[in-house]
Each structure stands twice: as C-alpha cells, then as structure tokens.
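The values are calculated or read from the model by the stated rules, or taken from the named source; none is laboratory data. Fair warning: this is a prediction, and the values are worked out from it, not measured in the lab. Backbone-built Cβ (ideal geometry, glycine too); neighbour counts: all protein chains shown. To get the accessible areas, we keep the full protein, side chains included, count just its heavy atoms, and leave off ligands, DNA and RNA. Shrake-Rupley method; radii C 1.70, N 1.55, O 1.52, S 1.80 Å.
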Amino acid sequence: MVALFVGLRLYAVLGRRTGHEQQPVTRPEAVPGATAPAAEPARDRGEAAGMAFEESAAAGVRQVIAADPSFDVARFLEGAQAAYRMILEAFWKGDREELRALVADDVRESFEAAITQREADGHVLNNRLVAIERAVIERAELVGHDARVTVRFDADIAAVTRDKDGGVVAGSLTDAVETHDLWTFQRSLASDDPNWLLVETDEA
C-alpha cells in the first residue's frame with residue numbers, strides 16, 4: 001500500500017485501483033439438471049459494498065458518476081481512507097511539505113498555524129491512528145465543474161502530547177479515543193489533473 005502512494009498526491013490514493021480489489025469470481029461449470037439462479041438486480045457502483053454512501057448522498061453520487069464515469073465509489077473510499085491516514089500523520093509530524101501536496105490552501109494554512117503554535121509551545125505529538133472503524137460518503141455534489149465528496153470517518157486514535165523533554169503533557173497511548181470527522185474532497189472535472197484535494201474538515 002505504501003509503495004502505491006509514494007507520490008504523495010491524491011492522484012495515487014483517490015479514484016485509482018489499489019491492488020486489493022477482489023478477483024472476479026469465475027462462473028461454475030453447468031451441472032446437468034441444475035436450475036440457473038435468478039439474476040440479482042443491478043446496483044449502483046458502491047452500493048454492493050454496503051454502507052458506501054448514505055441514502056441522502058445517493059443523488060449527488062449519481063451526479064458525480066454521470067459527470068465522470070470513471071468515478072468508482074468503492075475505490076474512492078479506499079483511497080479516502082489512505083488519504084485520511086497520510087494527512088493525519090503528516091500533520092502530527094509537522095510535515096508541511098507533505099501537507100502541501102495533499103490539501104487545499106485554506107486547510108493547509110489552518111494545519112500550518114496549528115503546527116507553528118505547537119512548535120512555539122515546545123510540544124510534540126506522539127499520535128497513532130489505531131483503526132478506521134467506518135468510512136462512508138455523507139454528501140456528494142457538483143458545484144459548477146467541481147465534484148465535492150464529503151466522507152465521514154469514525155476512527156480510534158491514540159494521542160499523546162509531550163513537552164520538549166519528552167514528558168507527557170496530555171493523552172495516553174494505551175487508551176484510544178473515538179473520533180468522528182467529516183472531510184470534504186474536491187476535484188475539478190474540467191481539468192486533466194486527476195488529483196483530489198482535501199478542502200474542508202469538520203467534526204461529525
């Protein structure tokens with residue numbers, strides 16, 4: 001997975017294959033006298049995966065697919081989870097260069113302001129993303145030529161803040177905290193640039 005995202009661009013994590021898709025199921029040989037199973041009704045891409053998107057987001061998802069037939073809900077969510085991890089880890093490490101490649105300017109400025117304040121306080125984050133329990137599309141829409149997709153992440157994060165001497169200021173690595181985030185990703189469908197950028201963050 002890490003090798004696939006070494007480019008540090010959301011082109012490498014959103015909307016592209018990751019190599020972990022299930023292999024096609026081959027059709028079994030026909031058995032004499034057996035009755036063929038009834039065909040299942042067709043479903044939108046992503047619905048087969050279960051809670052890929054909320055019902056309220058269905059119309060927006062279909063709009064995005066109509067405007068960009070290459071958009072695939074299941075692969076997008078796989079990439080969104082990878083982006084969630086990458087961006088959080090870059091923020092925790094204070095890696096401004098990595099953040100610049102992954103987030104829009106407004107979000108980057110907010111992240112960098114928090115990093116700068118943290119450095120001024122002499123604090124270091126020793127955080128760890130334990131697990132992403134759930135990732136689901138909450139909203140999707142077309143704004144002009146821009147596709148905007150909001151993903152809700154329910155995750156467990158172990159967080160510790162240390163001072164310059166390594167002493168614990170707050171938090172614990174043994175007790176993970178439940179977090180609920182709403183992150184909005186955006187891409188211009190009028191551009192040849194396939195990158196999705198994080199343009200907004202909020203708490204769910």
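Out of 110, 172, one residue alone is among the polar types (S, T, N, Q) and either modelled with pLDDT under 95 or assigned to a strand (DSSP E or B) (or both). It is 172. Each residue in segment 53-89 was checked for being surrounded by 21 or more Cβ atoms within 10 Å (Cβ to Cβ), small (Gly, Ala, Ser) and out of contact with any Lys or Arg (no Cβ under 8 Å at 6 or more places or on another chain), and 2 of them qualify. The set of residues from segment 157-169 being part of a strand (DSSP E or B) and either of a type in the set (Ser, Thr, Tyr) or at pLDDT below 90 (or both) comprises just one member, 161.
Looking across segment 91-113, the residues that are closer than 16 Å to residue 153 by Cβ and open to solvent by less than 20 Å² (accessible area, probe 1.4 Å) come down to 102, 103, 107. For segment 182-204, a residue qualifies if it is among the aromatic types (Phe, Trp, Tyr) and not in a loop (DSSP other than H, G, I, E, B), and the qualifying residues are 183, 185. Scanning segment 181-200 for residues that are among the aliphatic types (A, V, I, L, M) and more than 13 Å from residue 79 (Cα to Cα) turns up 182, 189, 190, 199. Screening segment 96-141 for residues that are among the acidic types (Asp, Glu) and in contact with a helix residue (DSSP H, G or I) (Cβ under 8 Å, 6 or more places away or on another chain) and picking the one that is nearest to residue 75 (Cα to Cα) gives 138. Take the conditions of a type in the set (Ser, Thr, Tyr), more than 21 Å from residue 83 (Cβ to Cβ), open to solvent by 60 Å² or more (accessible area, probe 1.4 Å) and not in a loop (DSSP other than H, G, I, E, B) and apply them to residue 116. Does it pass? Taking the combined requirement at face value, the residue satisfies it. When restricted to residues that are surrounded by fewer than 16 Cβ atoms within 10 Å (Cβ to Cβ), in contact (Cβ under 8 Å) with a residue 40 or more places away in the chain and touching an Asp or Glu at 6+ places or on another chain (Cβ under 8 Å), segment 143-174 contains 2.
Listed by first and then second residue, the pairs with beta-carbon distance under 9 Å, at least 6 apart or on different chains, first residue in segment 53-71 and charged (D, E, K, R), second open to solvent by 40 Å² or more (accessible area, probe 1.4 Å), are 54/138; 54/139; 54/152; 62/44; 68/189.
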